[in-house]
Structure formats: structure tokens, C-alpha cells
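The values are calculated or read from the model by the stated rules, or taken from the named source; none is laboratory data. Here the structure is a predicted model, which means the values were calculated and not measured. Here Cβ is always computed from backbone atoms with ideal geometry, including for glycine, and neighbour counts include all displayed protein chains.
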Amino acid sequence: MNYSFDFTPVLAAWPMLLEGILGTLRMSSLSMVFGLTLGIVFMMMRMSRQPVLRTIAIGYIELIRNTPILVQVFFVFFGMPAIGLRLSGEQAAILAMTLNCGAYAAEIVRGGVQSIRPGQIEAGRALGLHTADIYRFIVFRPAIRAVYPALCSQFILMMLNSSLVSSVSAEELTYFAQTLDSQTFRSFEIYLTLGVIYLVLSQFFSAALSMIGRVYFSYPTK
Amino acid sequence: MSVNSSQKAIEMVGVNKWYGPLQVLKGIDLDVSRGEHIVLCGPSGSGKSTLIRCINHLEEIQQGRISVNGTELSQKGTNADHIRRDVGMVFQQFNLFPHLTVLENCMLAQRRVRKTSAAEAKDKAMRHLERVHIAEQAQKYPAQLSGGQQQRVAIARALCMDPKIMLFDEPTSALDPEMVKEVLDTMISLADGGITMICVTHEMGFARAVAHRVIFMDRGEIIESAKPDAFFSNPSHERTRAFLSQILNH
Ligand SMILES: Nc1ncnc2c1ncn2[C@@H]1O[C@H](COP(=O)(O)OP(=O)(O)OP(=O)(O)O)[C@@H](O)[C@H]1O
Ligand SMILES: [Mg+2]
């Protein structure tokens, strides 16, 4: 083996890597926020008494959870233009990841809502609160708190999966790494560095999410 | 107590309720006058909780009529919200909202249901928290309070909605013995204020102190209804006697 390791071309390309990091952060964070919102909507449909809404929600959740995320990304980017929705790589990436995250979040949050004691909802009803208010002010926070660790793992998994959207030229970390690889052929150094950056990013997300959790869920329990 | 319809707080006529094949309320007829205090007792599973939960439509009935302050509750509960404005409820398990402070627990429904301003809601919450002697804990969370304190907060929370009727479902059964008195004292002072009250409890001292009538239920039926003196000293039904000897020797 006479390969001589040389990280200088990788380090020299730091502005590009930084742009990639920002791209990954941007797309993942947006998809998390949109995905959680979408997940809550589908969770409510899934738990609704309306069979039509329930069926739509179940169909969506099963479809997403039983197909590869790469196929979903391709479908949004390459398939949607056929029905008139032409998106940039980044837009397609965010849409696909939102749809993906929404399905998983819906099921996770549903578990949280089911963990709420019926007495909580009854107390709200006895006070005259409407169903929407009961969910918004009584159920929501304890429900999310109950499943927050699971939700965070799902978010981090999605951030890591975002490397797949490089395949539709969304300008995130892996996309720039591939570009750099084709320019310098320093594959070993590049992908090793890339791995380290992802590791740091997931640590960062993990810390940020647990900080948000501590602020938002700081109420004491027995 | 003379009763004409305008003085009726609650009127139940021929109420039947089933859970699947199991009939849990059988032909319940019950009139409660304004300001009347009723204690409801009976063995476990006799339908006490179910009965009072029908009054604010936490449960649906299949047959019969229920009116609250002259408004008849529709079968599907379409006017349940209207009726719940007049009816407060206190549960065995307190059911305080764990993520809200004591003060916020007392403000939420005022803000969302009555659309009260924040300042006014806070004022009223503090007044009722003082009334149940717990104002100094207003900024704490439920989990930081003892059971007795939590139940007093739950009472204050219900009172913040200015209910004309209060329903209590075994409010002291989940409490350690040393905390029962503080909650009962709160309820007694509430009764002295003249509110209409139905209380499911086996605290017979409380029944003697505040009840105008004690009602005994068994297997979904009202078996006996009498003034406390008569109820305890001279029950007319065998089942009531058996029940009383059980809980009084307990
Ligand atoms: N949601 C439900 N589904 C089916 N059966 C129920 C339900 N809730 C109550 N029951 C049954 O209805 C009957 C009356 O119950 P209820 O809770 O009203 O009794 P209770 O007098 O309050 O008893 P306890 O003193 O134990 O609280 C019981 O046989 C109970 O098992
Ligand atoms: Mg009961």
C-alpha cells in the first residue's frame, strides 16, 4: 500500500464544506419543523372519528413507512414535474423529508397522546373547554414530553438521511463532498472527514434538542 | 323543602344507561333543588360515578331526560357546553394539569371558555385560591403539592367558572387520612355558601354535617333517599342497613 494520505485539499475546501453544513442544517431543521407539524395533523386525522380522514391518514403513514426514503425523494424530484410540480433540488428535498418525517412523527406523537390519562381530557370537558382547546392546552405538551426522546432520535435519523438528497443535487454536505471528490480524488480523506462532520452534527442536534426539551418541558412530575 | 320547577337545579326523569349489555342506571328519578346538598353513597360499581357524570354529559344516557337549571340536555350532548358552564366537577384523582402552575390551572378555562382578560382571570383565581387556603402555592406545579393541596386547587379551579352546581366524585378517597379533613373542611365552607352540591362519598361525618338528603344506590337503582338523621338512625331498606353496617364498622 503506497497511498499517501493528504488532507490538505479537503481542509482547503472548507468554505465549500461549511456551505454544505449550512445546507444540511437548513434543510433538516425546516423538515423537522414542517414534519412535526404535518405529523400532528396526520395524527389527529388518524385518531379522528371520521372513517375517511382515518383511512387517508393510515394510507399515508403506511405508504411512507414502507417505502425507501430515496424512492420518495426521487418521486418528488423526478416524478412530480409530470403533474406540473417542478421543484429545485432543495425544495424537493425539503418536501420529501417533510413527508417522510411527518409519517413517523404522526405515529410517535400518537403514542404520546394515548399515554395521557382520560381524566385529563375529562377535566377539560367538565370545565367547558372545546375539543380543540383540550388538545392544544391540555394534551399537547404532556403528550410530546412523553415521547420526546423518540421524537429526537427520529429527527437525528432524518438529519443523517438527508445525505440522500445529494442525489437530486440538493446542495448539502454530501453533495459538496461528492463534488470535492470528483475534483481531487481524495475519497478516503473526504469521506472520513464527512463522517466526522456528521457525527459532530448529530451531537449538536442532540444537544440542541435536549436543551429545547429542558426549556419547554421543565415542569416537575412525580 | 318546597320545590317548584323554577327552583330545580337538576331534574332526572326515568334515566336508563347501559354499557353494552350491562345496565348501570335503572330508572333514575332525581330532583335536586337549588342550594340543596346531596350525598350519594352505595357499594362499588353501583353506578354513583356514572350518575353524576351524566349530569354534565361526560357520559351519554340511552333513555330518560336530564335538565340542569331548566335546560334539558339533548341526547347527543349538543348543548353539553352550555350546561357545563353551570356545573363544576371535582374528581377522585384531582386531574390537575401537570404542565401548568396552580394559577394557570385556575386561569385556563376562564380565558378560553369565558374569554376573561388575563388580569381578571388571575384576580379571580387568586381569590378562590385564598378561599381554599392555598394562595401561597399559586406558582407551584401540581406535582409539588400534597394530595390534599392538589384537591383544594381542583376545587378552586372549578369555582373559578362560577358554577351554580358542584359535583364531587369521591374527592377524598385518594387522599392519605391526615389530608381528608382539610378537603372536607373546604367542602363544608363551600356548602355553607349555599351552592347546589352532589357529592359521592362515604364520609358519613360530612354527610351529617352538610347533607340535606342522603341517597343510597345499589346496582344502578336509587334504593333510599332520606334526611341524614333518618337515613343513619332508621334506614327503611335492608340493603341500606347492610351497607351502613359495613361502612360504619369499617
Ligand atoms: N366505561 C365503561 N365501560 C363499561 N362498563 C363501565 C364503564 N364505566 C363503568 N362501568 C361499569 O358500570 C358500573 C357502574 O360504575 P360506576 O363507576 O358508576 O360505579 P361506582 O358506584 O362509581 O363505583 P365505585 O365506588 O367503585 O367508584 C360498574 O359495573 C362498572 O364496571
Ligand atoms: Mg365511582
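How do the pairs read when you match residues in region B:21-42 that are within 13 Å of B:Met166 (Cα to Cα) with residues anywhere that are of a type in the set (Asp, Glu), using Cβ under 8 Å and keeping only pairs 6 or more apart or on different chains?
B:Val32/B:Glu11
In region B:173-202, which residue that is touching a residue at least 60 places away in the same chain (Cβ under 8 Å) and within 16 Å of ligand 2 (Cβ to nearest atom) is farthest from the other protein chains (Cβ to nearest Cβ)?
Narrowing region B:173-202 to residues touching a residue at least 60 places away in the same chain (Cβ under 8 Å): B:173-174, B:191, B:194-202.
Cutting the leftovers down to within 16 Å of ligand 2 (Cβ to nearest atom) gives us B:173-174, B:198-202.
On the way: B:Ser173: 14, B:Ala174: 11, B:Ile198: 13, B:Cys199: 15, B:Val200: 14, B:Thr201: 18, B:His202: 20 Å.
Among those residues, the one meeting the criterion is B:His202.
What is the residue count in region B:47-82 for residues that are touching a residue at least 24 places away in the same chain (Cβ under 8 Å), small (Gly, Ala, Ser), closer than 18 Å to B:Asn16 by Cβ and more than 16 Å from ligand 2 (Cβ to nearest atom)?
2
Is it the case, given these coordinates, that B:Leu51 is more than 13 Å from chain A (Cβ to nearest Cβ) and over 26 Å from B:Thr172 (Cβ atoms)?
Values: more than 13 Å from chain A (Cβ to nearest Cβ): yes; over 26 Å from B:Thr172 (Cβ atoms): no.
No.
Return the only residue of B:Arg219, B:Arg241 being farther than 23 Å from B:Arg53 by Cα, surrounded by fewer than 20 Cβ atoms within 10 Å (Cβ to Cβ) and basic (Lys, Arg). So that I can check it myself, show each step before the final result.
Details: B:Arg219 fails: farther than 23 Å from B:Arg53 by Cα.
The conditions single out B:Arg241.
Looking for something modelled with pLDDT under 95 and either more than 24 Å from A:Ile61 (Cβ to Cβ) or part of a helix (DSSP H, G or I) (or both) - is there at least one such residue anywhere in region A:121-131?
Just the residues of region A:121-131 that are modelled with pLDDT under 95, to begin with: A:130-131.
From what's left, either more than 24 Å from A:Ile61 (Cβ to Cβ) or part of a helix (DSSP H, G or I) (or both): A:130-131.
Yes.
Working only within region B:161-184, note down all residues that are within 16 Å of ligand 1 (Cβ to nearest atom) and crowded, with 23+ Cβ neighbours inside 10 Å.
Step one: filter region B:161-184 for residues within 16 Å of ligand 1 (Cβ to nearest atom), giving B:167-175.
Scanning region B:161-184 gives B:Leu167, B:Phe168, B:Pro171, B:Thr172.
Taking the condition of being modelled with pLDDT of 95 or more and on the phi > 0 side of the Ramachandran plot, how many residues in region B:163-214 meet it?
1
Looking at B:Ala143, B:Ala158, which is the one that is surrounded by 23 or more Cβ atoms within 10 Å (Cβ to Cβ) and within 14 Å of chain A (Cβ to nearest Cβ)?
Details: B:Ala143 fails: surrounded by 23 or more Cβ atoms within 10 Å (Cβ to Cβ).
B:Ala158 is the lone residue from the list that is surrounded by 23 or more Cβ atoms within 10 Å (Cβ to Cβ) and within 14 Å of chain A (Cβ to nearest Cβ).
I'd like to check which helices (runs of 4 or more DSSP H) are fully inside region A:134-222 and have at least 2 residues that are within 14 Å of chain B (Cβ to nearest Cβ).
Numbers: elements: A:140-161, A:173-184, A:187-216.
Where helices (runs of 4 or more DSSP H) fall fully within region A:134-222 and carry at least 2 residues being within 14 Å of chain B (Cβ to nearest Cβ), they are A:140-161, A:187-216.
Regarding B:Gly47, is this residue away from ligand 1 (no atom under 13 Å from the Cβ) and at pLDDT 95 or above? Steps first, please.
Details: away from ligand 1 (no atom under 13 Å from the Cβ): no; at pLDDT 95 or above: yes.
Taking the combined requirement at face value, the residue does not satisfy it.
Please go through region B:33-46 and give me each residue that is under 26 Å from B:Ile247 (Cβ atoms) and away from ligand 2 (no atom under 16 Å from the Cβ), ordered by number. Steps first, please.
As a first pass, look at region B:33-46 and keep what is under 26 Å from B:Ile247 (Cβ atoms): B:36-46.
Within region B:33-46, B:Glu36, B:His37 meet the criteria.
Can you name the number of the only condition in (1) more than 20 Å from the chain's Cα centre (by Cα); (2) away from chain A (no Cβ under 12 Å) that B:Pro98 fails?
Result: B:Pro98 fails condition (2) only.
Going residue by residue through region B:149-166, is there one that turns out to be more than 13 Å from the chain's Cα centre (by Cα) and of a type in the set (Val, Ile, Thr)?
Checked against the condition, which is being more than 13 Å from the chain's Cα centre (by Cα) and of a type in the set (Val, Ile, Thr), region B:149-166 yields at least one hit.
From the list B:Ala158, B:Ala154, exactly one residue is within 30 Å of B:Gly64 (Cα to Cα), hydrophobic (A, V, I, L, M, F, W, C), part of a helix (DSSP H, G or I) and touching a strand residue (DSSP E or B) at 6+ places or on another chain (Cβ under 6 Å). Which is it? Walk me through it before giving the result.
Working: B:Ala154 fails: within 30 Å of B:Gly64 (Cα to Cα).
So the residue among B:Ala158, B:Ala154 that is within 30 Å of B:Gly64 (Cα to Cα), hydrophobic (A, V, I, L, M, F, W, C), part of a helix (DSSP H, G or I) and touching a strand residue (DSSP E or B) at 6+ places or on another chain (Cβ under 6 Å) is B:Ala158.
Exactly one of these conditions fails for B:Val90: (1) surrounded by fewer than 22 Cβ atoms within 10 Å (Cβ to Cβ); (2) within 14 Å of chain A (Cβ to nearest Cβ); (3) within 16 Å of ligand 2 (Cβ to nearest atom). Give me its number.
The number of the failed condition is (1).
State whether the residues of region B:9-32 include one that is aromatic (Phe, Trp, Tyr), within 16 Å of ligand 2 (Cβ to nearest atom) and in a loop (DSSP other than H, G, I, E, B).
Going residue by residue through region B:9-32, those that are aromatic (Phe, Trp, Tyr) are B:18-19.
From the residues that got through so far, the ones that are within 16 Å of ligand 2 (Cβ to nearest atom) too are B:19.
Restricting the remaining residues to those that are in a loop (DSSP other than H, G, I, E, B) gives none.
The answer is no; no qualifying residue exists.
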